[in-house]
Amino acid sequence: MTGFLENFSLGCQVALTANNLLYCFIGVLVGTLIGVLPGIGPAGAISLLLPITYGINPASAIIMLAGIYYGAQYGGSTTSILVNIPGESTSVVTCLDGYQMAREGRAGPALGIAAFGSFIAGTIGTVILMLVAQPLSEFGLKFGPPEYFSLMVLALTILTYFSSGSMVKAIIMAVLGLSLSQIGIDLVTGRVRFTFGITNLEDGVGLVPLVMGLFGVGEILINLEESAGVEIFKAKIKGLLPNLKDWTDSIGAIIRGTFLGFFLGIFPGGGAIISTFISYALEKKLSKHPEKFGTGVIEGVAGPESANNAATSGAFIPLFTLGIPFNVITALLLGALMIHGLQPGPFLIKQHPDIFWGTIVSMYVGNVMLLILNLPLIGLWVKLLKIPYRILSPFLLLFCIVGSYTLNNSTFDVLVMLIFGIVGYLFKKFEYELAPLVLAFVLGPMFENSLRQSLILSGGGLSIFITRPISILCLVIALLILLSSIFLRKRRQIIAKMG
Amino acid sequence: MKKHDLLGGLIWLILGIGLCIESIKLKLISGGFHIPGPGFMPFLAGVLLGILGFILIFSSASKGLRKDEEVKDEKILMKKDWKNFLIPFLNLLILFAYVLLLEPLGFLFSTFLFLFFLFKLSEPKKWLMPLVLSVSTVILSYLIFSVWLQCQFPRGIFRF
């Protein structure tokens with residue numbers, strides 16, 4: 001217990017400095033902003049800000065980038081409720097009842113309960129993360145190369161399973177990401193691979209140009225194509241504070257959503273998205289008036305909005321305990337850690353307690369900031385929605401170019417980014433999902449090394465993967481998932497329903 | 001039949017085969033007898049990519065489509081849709097031109113041109129608004145990136 005208090009106060013020392021409070025504020029502000037704006041998501045925003053984090057210390061960098069992540073979950077609900085367009089994919093369900101509430105003149109309580117629900121969930125989620133991460137990282141110490149390899153196979157399998165389109169295409173994306181990560185000098189033998197004589201490629205393809213291209217430029221190009229006018233809800237928003245009846249109706253949903261979201265957030269793939277759908281279905285099932293769902297029921301907003309926030313806390317568990325990211329955002333955070341020369345893994349919490357505990361404390365602070373940003377200032381965000389996308393997009397493009405140029409002060413990175421922009425645009429157009437590619441790209445070097453180390457350990461035999469209990473468990477589950485996707489056509493229907 | 005999946009599948013198949021050939025040149029097994037070499041992992045990836053490309057070709061050719069999928073497929077490949085490519089294409093053209101001109105013309109001047117053309121693209125009938133927006137953005141980005149964040153940008157032939 002004293003150890004815990006010591007750690008916590010260390011976290012306070014890190015997170016509560018003026019500097020880090022500022023970075024936390026920038027993070028949650030940017031998060032809210034991009035959550036409100038439908039054109040750009042947290043992955044794009046984090047990749048835009050990654051170059052800025054090079055110059056600051058790693059704790060501040062993670063504090064800011066994490067702020068964008070959970071901040072976006074707050075902002076995403078605003079557009080769902082007011083415009084019926086989800087700002088983020090995790091706010092799709094919020095449209096169902098949130099927009100109906102707004103049409104009935106109850107936009108205020110809907111926005112209010114979304115913000116309070118997010119706050120409660122974000123805070124409880126952070127408490128659970130704080131309590132379980134350290135013990136779990138002790139468990140992570142048992143992981144050797146074979147376990148890591150099998151776990152990564154499982155993670156990528158689950159991710160591709162839950163991708164919205166065809167699973168074959170999702171696996172293709174993962175394989176492609178893996179191959180891209182192998183460009184450059186092979187760390188074991190020093191051989192140069194797949195550079196085609198381009199010296200700039202010897203260090204490999206940079207994470208920042210890749211993600212900025214795919215999620216920044218690619219997304220902007222797609223949006224430019226389909227930029228249609230957005231009809232904004234005109235009624236005045238009043239009475240943001242939910243009344244007592246709203247609270248009694250939704251407190252159960254908030255608590256259930258929190259635990260559901262946190263638990264599902266730990267798993268790879270769209271844990272956050274899935275948790276919002278399950279939370280909505282669960283509330284409908286438990287409700288005394290299920291027939292009213294879809295007509296503006298406050299539980300239908302409170303549950304999913306809490307779930308998506310708690311899921312972001314859950315997603316930090318694999319990152320901090322095993323050093324393996326399970327979704328794109330935590331993959332980018334891992335990238336940020338590695339840029340600063342930190343080795344993520346089960347030792348991270350022990351070796352760099354300032355980063356882990358500083359981030360935890362900053363998450364409490366950030367959630368309070370977000371509550372303030374999202375309740376009194378809601379009118380400001382609504383005004384932002386009125387800026388046409390075609391006016392906004394040149395700024396975003398400029399930011400992408402400046403960001404990738406400043407990486408090495410060379411136009412080579414900018415060209416790489418633009419090429420991935422085209423690639424990302426085409427992939428989106430032809431229904432290939434980008435998340436498996438990015439995750440596999442980040443995991444790539446670890447994936448290859450753990451496979452090669454395992455084979456060296458075993459003297460070339462594959463049996464090492466099936467004689468170790470944790471490893472075989474992961475592989476069997478991955479195999480079952482693959483088989484079920486081949487034999488059960490139901491997956492398609494479930495995914496189709498989720499949109 | 002999903003035409004774009006057929007094409008995609010072919011691309012992945014060829015890419016997979018290419019990856020395998022390159023990997024074999026890199027040596028699959030290095031040094032000792034059982035130690036995987038630099039080409040080991042790319043070879044596996046190439047094989048997998050080839051198989052998946054083949055599956056994609058096979059499934060796109062054999063499987064009948066549901067009605068909604070058919071409509072979607074039409075939509076992606078429809079001629080009319082090609083018009084939609086125009087705006088992203090022009091944007092890309094301006095982006096590439098910007099990257100090429102960045103070093104010779106310098107950051108400030110090329111950024112001005114870049115923004116001006118992009119804003120002009122979105123508001124083709126107006127002159128004043130794109131001009132004001134791009135000039136003010138250039139000044140603002142100079143203050144933020146060069147003065148505050150101390151980024152080093154090419155100064156170009158105009159020395160500014």
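Structural remarks
- Residue match in region A:431-444 (condition: more than 28 Å from A:L151 (Cα to Cα), of a type in the set (A, V, I, L, M, F, W, C) and out of contact with any strand residue (DSSP E or B) (no Cβ under 8 Å at 6 or more places or on another chain)): no
- Residue that is away from chain B (no Cβ under 14 Å), among the aliphatic types (A, V, I, L, M) and under 28 Å from A:F465 (Cβ atoms), where the choices are A:L176, A:L141, A:L131, A:L156: A:L141
- When region B:122-133 is limited to residues that are more than 8 Å from chain A (Cβ to nearest Cβ) and at pLDDT 85 or above, the one that is farthest from the chain's Cα centre (by Cα) turns out to be B:L128.
- Check on A:L29, assigned to a helix (DSSP H, G or I), of a type outside the set (D, E), modelled with pLDDT of 85 or more and touching a Leu at 6+ places or on another chain (Cβ under 7 Å): yes
- Comparison of A:G177, A:G213 shows that the only residue that is under 18 Å from A:L334 (Cβ atoms), surrounded by 21 or more Cβ atoms within 10 Å (Cβ to Cβ) and at pLDDT 85 or above is A:G177.
- Residues in region B:54-113 that are assigned to a loop (DSSP other than H, G, I, E, B), touching a Lys or Arg at 6+ places or on another chain (Cβ under 8 Å) and at pLDDT below 85: B:L65 alone.
- Test for A:F4: is it free of Cβ contacts under 8 Å to residues at least 60 places away in the same chain and either under 30 Å from A:T295 (Cα atoms) or of a type in the set (A, V, I, L, M, F, W, C) (or both): yes
- Filtered residues of region A:158-169 (kept if surrounded by 24 or more Cβ atoms within 10 Å (Cβ to Cβ) and aliphatic (A, V, I, L, M)): A:L159
- For region A:376-398, the tally of residues that are at pLDDT below 85 and touching a helix residue (DSSP H, G or I) at 6+ places or on another chain (Cβ under 8 Å) stands at 9.
- Failed condition for A:G11, given (1) within 30 Å of A:T276 (Cα to Cα); (2) touching a helix residue (DSSP H, G or I) at 6+ places or on another chain (Cβ under 6 Å); (3) assigned to a helix (DSSP H, G or I): (1)
- Some residue of region A:373-393 being aliphatic (A, V, I, L, M), in a helix (DSSP H, G or I) and either in contact with a strand residue (DSSP E or B) (Cβ under 9 Å, 6 or more places away or on another chain) or at the interface with chain B (Cβ under 10 Å from one of its Cβ atoms) (or both): yes
- Checked against (1) modelled with pLDDT of 85 or more; (2) closer than 30 Å to A:F395 by Cβ, B:W12 passes all but condition (2).
The values are calculated or read from the model by the stated rules, or taken from the named source; none is laboratory data. Because the structure is a prediction, the values reported are computed rather than measured. Backbone-built Cβ (ideal geometry, glycine too); neighbour counts: all protein chains shown.
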